[in-house]
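Everything on this sheet refers to the single structure shown next.
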Amino acid sequence: MDDFPGIIRSPLSQSITHDGITVRVEIYRLDGTEGWTLELIDEEGGSTVWQDSFATDAEAFAEFMDGVRQLGLAKLIDPDEDDIATVH
């Protein structure tokens, strides 16, 4: 992520392991824009990106943590159709 000029990476970006699953939580925005993007990258390189942006990087991270509490990490990276409507 640091290799792309114009992308500001949040210090909240980090690797997280929950229930034996590890993901890279990436929170970033384009330089000159206001909205933060939340992206999860799984161990196989698969990416899950939230459609809506967040006003702050803290809001994006809180959304991730809420999703883990409500659905579990496995559902966040491989959601069912019903989960997509409620989480992303």
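The values are calculated or read from the model by the stated rules, or taken from the named source; none is laboratory data. Owing to the predicted nature of the structure, the values given are computational and were not obtained by experimental measurement. Here the Cβ positions follow ideal geometry from the backbone for every residue, glycine too, while neighbour counts run over all protein chains shown. Only protein heavy atoms, including side chains, enter the accessible area calculation; ligands, DNA and RNA are left aside. Shrake-Rupley method; radii C 1.70, N 1.55, O 1.52, S 1.80 Å.
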Legend entry - Approximate spin-label separation Glu43-Ile8, in nm, with each point projected 7 Å along Cα-to-Cβ: 3.5 nm
Legend entry - Net lengthening on full extension, Glu34/Ser15 (0.36 nm per residue, minus Cα-Cα): 4.4 nm
Legend entry - Selected from Asp66, Asp19, Asp42 as most flexible by GNM, with the chain as the system and alpha-carbon contacts under 10 Å: Asp19
Inset, instruction - On the protein heavy atoms, probe 1.4 angstrom, tell me the percent of accessible surface of the chain carried by carbon and sulfur. - result: 47 percent
Legend entry - Projected label distance in nm at Met65 and Gln51, using a 7 Å step from Cα toward the beta-carbon: 2.6 nm
Legend entry - GluC sites (Glu not before Pro), loop per DSSP, at most 15 other Cβ atoms within 10 Å - longest free stretch of the chain: 45-88
Inset, instruction - For Ser13, enumerate residues with amide H under 5 Å from its amide H, sequence gap 5+ or separate chain, H modeled in the peptide plane. - result: Ile27
Inset, instruction - Take peptides 52-58, 11-17 and line them up by average Cβ neighbours within 10 Å, highest first, as a rough protection proxy. - result: 52-58, 11-17
Inset, instruction - Could you provide, to the nearest whole Å², the per residue accessible area of the chain with probe 1.4 Å? - result: 61 Å²
